[in-house]
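Undergrad: Have a look at this one before I ask anything.
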Amino acid sequence: MELVVLLAVVVQLCGSVHGELELLQVFNIWRHGDRAPVRMFSSAEAAAHPLFKNGLKNLTDQGIQHAFHMGQFIKYKYGDFLSTPDQVHIRSTSHDRTIRTAQEAMRAVFGDQKVELEVAEGEDWMLKPSYMHCPVLQQLQEAKCPNFVQFPSDYATNFDSYEYDLFRCAGLDKKLKYFGPGKWSFRLMESILNEALNNYLFLGTNVTDGHVREARKMYRKVQRITLGIGPYHEPELLRVYSGELLFDITSKMKAQIDCDKTESCGPIIFHGYSSQDLQIFPMLEIFNSTRAAVGGDAPLYTSGIFIELWAGDDYDYYVKVFYRQDYSDNLVELNQYLPHCRGKAFCDFEDFVYGISDFITSSNQLACQDIDRIRYRLEQIGKGTIDGVVQVDHVRLDDEDDDAQRQRNAAALGWLPTGFNIYALALLIYFYRLI
């Protein structure tokens with residue numbers, strides 16, 4: 001009797017999957033490879049270093065290598081699923097670093113065979129929403145930071161000016177030990193952070209490990225404020241940044257399900273999106289997975305989200321989601337965190353879509369104009385009944401804590417399905433009670 005009860009609990013937690021499962025479709029949203037700083041180098045020595053010979057904003061040689069390795073991982077995981085380039089469609093932002101990342105990754109999968117690569121012309125509202133033409137974003141951030149954030153300012157040509165004003169609004173400029181409070185110092189933090197991520201050693205300069213740690217800590221907090229992540233959780237910002245991408249993915253999944261029922265599907269079964277942390281970070285937050293996936297950090301270079309569509313017997317369809325943390329290929333299964341999926345190792349497709357439905361929009365551009373949707377939110381902020389920018393002390397960035405979290409994720413999940421771990425635990429409890 002006890003075994004029956006335990007097994008019933010296991011079935012409830014893992015989900016009821018009928019018969020053999022077949023992988024139908026894969027979506028991979030990845031961040032580009034390691035790059036040089038965007039605006040300036042921290043020193044003349046750094047600017048002249050061979051590590052950054054490709055120039056500002058562009059991939060470094062390390063970034064190119066990691067992009068190729070990401071493709072090797074895709075080939076390793078889906079080699080039996082993908083056989084020809086016509087099964088793949090890649091969409092990239094217009095940045096050279098995202099285009100090159102996609103090219104290197106697909107070269108690792110298919111060699112010199114050509115893969116379809118779509119690059120949006122002009123403004124790309126799906127992969128790179130325009131914060132300069134988004135009244136929803138502007139009014140939310142101005143309401144939270146009325147004395148700091150003022151559009152348009154010089155934000156159109158200097159995104160870091162926008163980030164810097166959010167930085168000051170949160171009071172982070174008063175918490176610095178190694179940097180000054182001005183805008184130049186804020187830009188210097190971005191430079192030092194990215195130079196360090198490329199293993200630049202800062203020899204012959206005044207930059208210390210303390211500078212690197214503080215730059216990483218502060219810049220990661222600014223990313224959370226900008227995108228509405230963690231203690232700065234802002235659903236409408238998340239919707240603006242990732243809503244249209246989620247619509248594109250779920251629409252393609254629905255189309256695949258429809259054609260599977262009639263056995264009339266086209267050749268494309270792998271959709272890749274070569275983008276930035278602007279999409280990956282909000283999507284992790286929408287999936288309730290930020291802490292599990294990145295800890296107190298941010299999505300690292302070449303990290304990515306994989307969303308798989310599976311078919312069962314009797315036309316049942318399921319979704320499985322996991323996150324590749326970085327070039328070390330650490331995987332974190334995310335199904336246990338997905339809204340409305342109740343921890344199932346394979347989430348019912350309808351439950352998956354329902355759980356994220358509040359964030360889906362067919363057009364980020366139209367969502368940016370929907371002021372009526374945020375009017376009550378703006379009134380709450382104005383009356384002080386909700387927090388605007390939350391106290392920054394609530395955000396932790398502890399290297400040791402993050403490393404420990406990653407080790408726990410790898411040890412607990414690894415390549416095993418979540419349901420297997422729950423099932424094994426249930427059996428252990430049962431046999432322990434027998435003893």
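Bear in mind these aren't lab numbers, they're just calculated from the coordinates by the rules spelled out. Bear in mind that the values here come from a model prediction, so they are computed numbers and not experimental data. Cβ placement follows ideal geometry from the backbone for every residue including glycine, while neighbour counts extend to all protein chains displayed.
Undergrad: In the structure displayed, which of Lys77/Lys261; Lys57/Lys183; Lys174/Lys217; Lys221/Lys344 lie more than 23 Å apart, Cα to Cα?
TA: Values: Lys77/Lys261 26 Å; Lys57/Lys183 19 Å; Lys174/Lys217 14 Å; Lys221/Lys344 32 Å.
The pairs that break the limit, which is 23 Å between Cα atoms, are Lys77/Lys261; Lys221/Lys344.
Undergrad: Please list, in chain and number order, the residues 5+ apart from Arg91 or on another chain whose amide H is under 5 Å from its amide H, with Hs placed from the backbone.
TA: HN-HN under 5 Å from Arg91: Glu118, Gly272, Tyr273, Ser274.
Undergrad: At what distance in nm do the modelled label points of Asn147 and Glu20 sit from each other, each positioned 7 Å from its Cα along Cα→Cβ?
TA: Roughly 6.7 nm, to one decimal.
Undergrad: Mind ranking 213-222, 113-122, 314-323 by how tightly packed they are, going by the mean number of other C-beta atoms within 10 angstrom, highest first?
TA: On the way: 213-222: 21.4, 113-122: 12.6, 314-323: 19.3.
Result, highest mean first: 213-222, 314-323, 113-122.
Undergrad: Moving on to the next point. Tell me the relative contact order for segment 60-161 as a rounded percent, counting alpha carbon contacts under 8 Å between residues six or more apart.
TA: That works out to 25 percent.
Undergrad: Could I ask something else about it? Using each residue's phi in segment 315-325, evaluate 6.51 cos²θ - 1.76 cosθ + 1.60 at θ = phi - 60° and report the 3J(HN,Hα) Karplus result to the nearest Hz, with x for Gly and Pro.
TA: 6, 8, 10, 9, 10, 10, 10, 8, 10, 8, 6
Undergrad: Arrange the peptides 272-283, 38-49 so that the one whose residues have, on average, the most other Cβ atoms within 10 Å appears first.
TA: 272-283, 38-49
Undergrad: What shape does segment 118-228 have by the C-alpha gyration tensor, where a ≥ b ≥ c are the square roots of the eigenvalues, rounded means a/c under 1.5, and otherwise prolate means a/b greater than b/c and oblate the rest?
TA: oblate
Undergrad: Right, here's the next one. Starting from the Cα of Lys75, draw a straight line to each of the lysines and keep only those under 21 Å, dropping any in the same chain fewer than 8 residues away.
TA: Lys114, Lys320
Undergrad: For segment 126-142, just list the computed ³J(HN,Hα) in residue order, Karplus coefficients 6.51, -1.76 and 1.60, θ = phi - 60°, integers in Hz, with x standing in for Gly and Pro.
TA: Coupling constants for segment 126-142: 7, 9, 8, x, 8, 5, 7, 10, 10, x, 4, 4, 4, 5, 5, 6, 5 Hz.
Undergrad: For Val119 and Ala44, compute 0.36 nm times the residue count separating them, minus their Cα-Cα distance, and round to one decimal in nm. Intermediate results must be reported in sequence, preceding the final value.
TA: Numbers: separation 75, 0.36 × 75 = 27.00 nm, distance 3.41 nm.
Extending this stretch completely gives an extra 23.6 nm.
Undergrad: What list of ³J(HN,Hα) couplings, whole Hz, do you get for segment 207-224 from phi and the Karplus terms 6.51, -1.76, 1.60, once you set θ to phi - 60° and write x for glycine and proline?
TA: Here the 3J(HN,Hα) series is 6, 10, 4, x, 4, 5, 5, 5, 4, 5, 4, 5, 5, 5, 5, 4, 4, 5 Hz.
Undergrad: Using a cut-off of under 17 Å, list every residue of segment 308-322 whose amide N is near the label point 7 Å from the Cα of Glu263 along the Cα-to-beta-carbon line.
TA: Hits in segment 308-322 for Glu263 at 17 Å: 311-316.
Undergrad: When the scattering of segment 68-142 is computed by the Debye formula from its Cα atoms alone, each counted once and equally, what is log10 I(q)/I(0) at q = 0.13, 0.28 Å⁻¹?
TA: -0.50, -1.27
Undergrad: Need one word for segment 234-352: rounded, prolate or oblate. Basis is the Cα gyration tensor (sqrt eigenvalues a ≥ b ≥ c); a/c below 1.5 gives rounded, then a/b vs b/c decides.
TA: In terms of gyration-tensor shape, prolate.
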